[in-house]
Structure formats: C-alpha cells, structure tokens
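Nothing in this text is a laboratory measurement; each read-out follows from the coordinates by a stated rule. All values reported here derive from a predicted model rather than from experimental measurement. Here Cβ is always computed from backbone atoms with ideal geometry, including for glycine, and neighbour counts include all displayed protein chains.
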C-alpha cells in the first residue's frame with residue numbers, strides 16, 4: 001500500500017507539472033471567476049521576485065488608486081457631458097488601461113465593476129466598504145501587460161493575440177505556458193499607450209495626461225535616447241516596481257532643486273525679521289513633471 005500511494009502521488013505530481021497555464025477564450029460573467037482567472041498569484045509560483053516587485057507598484061492597485069477620477073468619468077463624463085449610456089464600450093475607455101482584462105468580461109460584468117467604482121466614491125458605510133474591497137481584487141495584472149496590451153500599440157502589425165500565450169521581452173521558453181518574444185515590451189511605445197493619449201477601440205481619444213507627448217516631442221526631439229523602461233525599471237534594478245511620481249527617490253532624480261535664502265529685517269521703530277528665498281527647479285526627467 002505504501003508503494004502504491006507513493007506511485008499515485010508521483011504520477012499526480014508529474015501530471016500537474018505538465019499542465020499548461022491556460023485562460024478562457026470566451027467572456028466571463030462571474031466576478032469571482034474573473035478575479036481568480038487573471039490573478040497575478042498564478043504567476044507567483046515561478047516568478048516570485050517579480051511578483052513581489054509588482055505588488056509594490058501602483059499597477060497592483062490601479063483601480064483603488066484611481067477611484068475618484070474613474071468614478072467621475074462614469075457618473076459625469078459619459079452620461080452628462082457626452083450624453084451616452086454607460087455600457088462596456090464607454091467603461092473600457094478607462095478600464096482598458098486600469099484593468100485590461102475587462103476585455104474578457106461580459107457586458108453585465110463590466111457594468112457590475114463600474115458600479116463598484118461608483119459606489120466606492122459615492123456610497124456610504126457598508127456599501128462603500130464592500131465596493132472598495134471588490135476593487136482591491138482588481139488591478140493591472142501580469143496578464144494585462146504580458147497579453148492584452150501587447151497589440152495595443154500597432155494592432156495592424158501585431159495581429160491576433162492568442163489569449164493563452166504569455167508574451168515576454170526575453171527569449172526564454174517555459175514548460176508552464178506558451179511563450180512568445182515581444183520586443184515591444186522593451187520600447188517606450190508600449191508604456192505610452194496608457195501613459196499618454198489613449199485611443200479607444202471606437203477611435204475616440206482620451207487625454208488622461210500629456211506625458212507621451214512631452215517625451216516624444218521634447219526629450220526624444222532633442223536627442224534623448226532612454227526609454228521609459230531604462231529609467232523606471234532597469235536603473236537601480238527597479239524592475240517591476242516601476243516607481244513614478246509617488247516615489248520620492250525617483251522624483252529626486254528627475255528634479256534638481258536649489259534654493260538660496262537671505263535673511264533681513266525691515267521696519268521703522270521696530271525691526272521685523274524676514275527672508276528672501278529664491279528657488280531653482282530643473283527638470284532632468286525625460287518628460288513633463290508632474291505628470292502620470
């Protein structure tokens with residue numbers, strides 16, 4: 001019996017190690033299934049260091065860190081300014097960057113998720129807390145960058161993206177999932193598709209910031225050659241933490257600060273202490289600051 005048990009355990013382990021990491025090709029309608037399917041924890045077993053870096057990034061909280069702006073778009077921008085129905089086509093204009101996996105959600109689920117965003121801003125008490133708890137389970141996951149957004153920069157060239165392929169910037173292969181080399185992951189154009197002017201599937205442009213414009217026209221136009229990845233990932237081994245404006249260290253690198261203060265006194269009969277302060281800020285980043 002002992003040897004039979006060992007054999008069963010061994011064959012079970014062998015079978016599980018050969019099982020490929022797969023993703024559904026059809027739409028998902030259930031919130032919990034959606035969360036589990038695209039949870040970055042599925043990647044953690046083989047890529048623990050990268051997962052831990054990502055957990056420190058704002059990508060890992062791309063929904064809860066943007067509640068106010070996205071909720072305003074859903075409650076004011078779409079229904080009042082544009083006079084449109086809040087459907088998946090409009091919801092995706094925010095969530096295609098903040099939650100790229102929304103591509104695989106049904107119309108009903110997309111509206112449910114949008115509802116949580118609205119409740120997180122406008123609701124009170126237990127309803128608000130529930131909505132925030134739901135949003136904490138959603139983020140720009142590994143799958144969002146390494147699959148969904150791969151074709152975003154040039155869909156006509158990239159062509160069809162296989163939902164069961166993990167696209168990487170390296171040349172390696174994996175026994176756990178299908179892998180394909182995608183050079184775009186090392187280029188600034190990959191980042192600027194969200195950190196710049198976003199072009200929605202229906203052709204509408206959304207200006208969340210102007211970072212990509214200042215990077216291309218000012219920095220690259222004046223001879224700059226570093227990519228987003230060079231500064232925000234490669235330097236100092238920042239990796240998938242990808243720090244930005246929320247990180248004091250990288251802000252200090254991007255802005256040179258000098259100040260000169262001189263004290264003096266003024267007044268008639270009674271001297272009043274005062275100071276004259278001159279501040280000099282020099283932007284050393286490859287784009288406008290502040291921006292996002």
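A few remarks follow.
- Anisotropy class of segment 247-292 from Cα gyration tensor, a/c 1.5 cut: prolate
- Sorted peptide list for 154-162, 56-64, criterion being average Cβ within 10 angstrom, highest first: 56-64, 154-162
- Cα centroids of segment 93-141 and segment 166-181: 30 Å apart.
- Cβ-Cβ FRET estimate between residue 31 and residue 165, R0 fixed at 30 Å, reported to 0.05: 0.75
- Sorted on the mean count of surrounding Cβ atoms within 10 Å across their residues, most packed first, peptides 105-118, 132-145 read 132-145, 105-118.
- Overall form of segment 160-224 per C-alpha gyration tensor (a/c, 1.5; a/b vs b/c): oblate
- Tilt relative to the chain, helix 125-135 - C-alpha long axis, 0 to 90 degrees, to 10: 70 degrees
- Pairwise label distance in nanometres, residue 158 with residue 237, each label 7 Å out on the Cα-Cβ vector: 3.0 nm
- Relative contact order of the chain, pairs being alpha-carbon contacts under 8 Å that are 6 or more residues apart, as %: 16 percent
- Tilt relative to the chain, helix 2-18 - C-alpha long axis, 0 to 90 degrees, to 10: 50 degrees
- Remark: the residue 49-residue 133 segment gains 27.7 nm on full extension, using 0.36 nm per residue and subtracting the alpha carbon distance.
- Taking a ≥ b ≥ c as the square roots of the Cα gyration tensor eigenvalues, segment 19-100 comes out oblate, since a/c reaches at least 1.5 and a/b does not exceed b/c.
- Pairwise centroid distance, computed over Cα atoms, of segment 213-240 with segment 54-73, Å: 23 Å
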